[in-house]
């Protein structure tokens, strides 16, 4: 019967046109994803760590406005790849008046360099200025 070769040809044709499944990464140390819908994380990222101490004259509402403004920056500046923050809770008493910690993540020096003069960042700096008593900033490339 000559119909079977036609079915076989159609089956192979359909099979060759079907989307391929993403293969699982076999190297557990690799951060890159093979799924095209998932962003690829570089092996190292640039962390911009900012520590603030606020003036005694700044109210909790003032501090909350500053935190909210900082939290809004990732939505305004595309170069920011990650953001997190928190309030000091260390029992050691070594914070030297710095109470709030913020970590902004970038994928390149160029991204960080675009962030610093960005109008949204500069607007934030203007809001922060009257309330800032102490600040420490450190940038570093992560290592594993």
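Can you find a residue that is exposed (fewer than 14 other Cβ atoms within 10 Å of the Cβ), more than 22 Å from the chain's Cα centre (by Cα) and either modelled with pLDDT under 95 or over 20 Å from residue 47 (Cα atoms) (or both) anywhere in segment 107-126?
Yes; the residues of segment 107-126 include at least one that is exposed (fewer than 14 other Cβ atoms within 10 Å of the Cβ), more than 22 Å from the chain's Cα centre (by Cα) and either modelled with pLDDT under 95 or over 20 Å from residue 47 (Cα atoms) (or both).
Taking the residues in segment 45-79 that are assigned to a loop (DSSP other than H, G, I, E, B) and in contact with a helix residue (DSSP H, G or I) (Cβ under 7 Å, 6 or more places away or on another chain) as candidates, determine which candidate is nearest to residue 118 (Cα to Cα).
Per the stated criteria, the residue is 77.
Going by the structure shown, is residue 92 in a loop (DSSP other than H, G, I, E, B), free of Cβ contacts under 8 Å to residues at least 40 places away in the same chain and surrounded by 11 or more Cβ atoms within 10 Å (Cβ to Cβ)?
no
The values are calculated or read from the model by the stated rules, or taken from the named source; none is laboratory data. Since this is a predicted model, take the numbers as computed values, not measurements. Note that each Cβ is placed from the backbone with ideal geometry, even for glycine, and that neighbours are counted across all protein chains shown.
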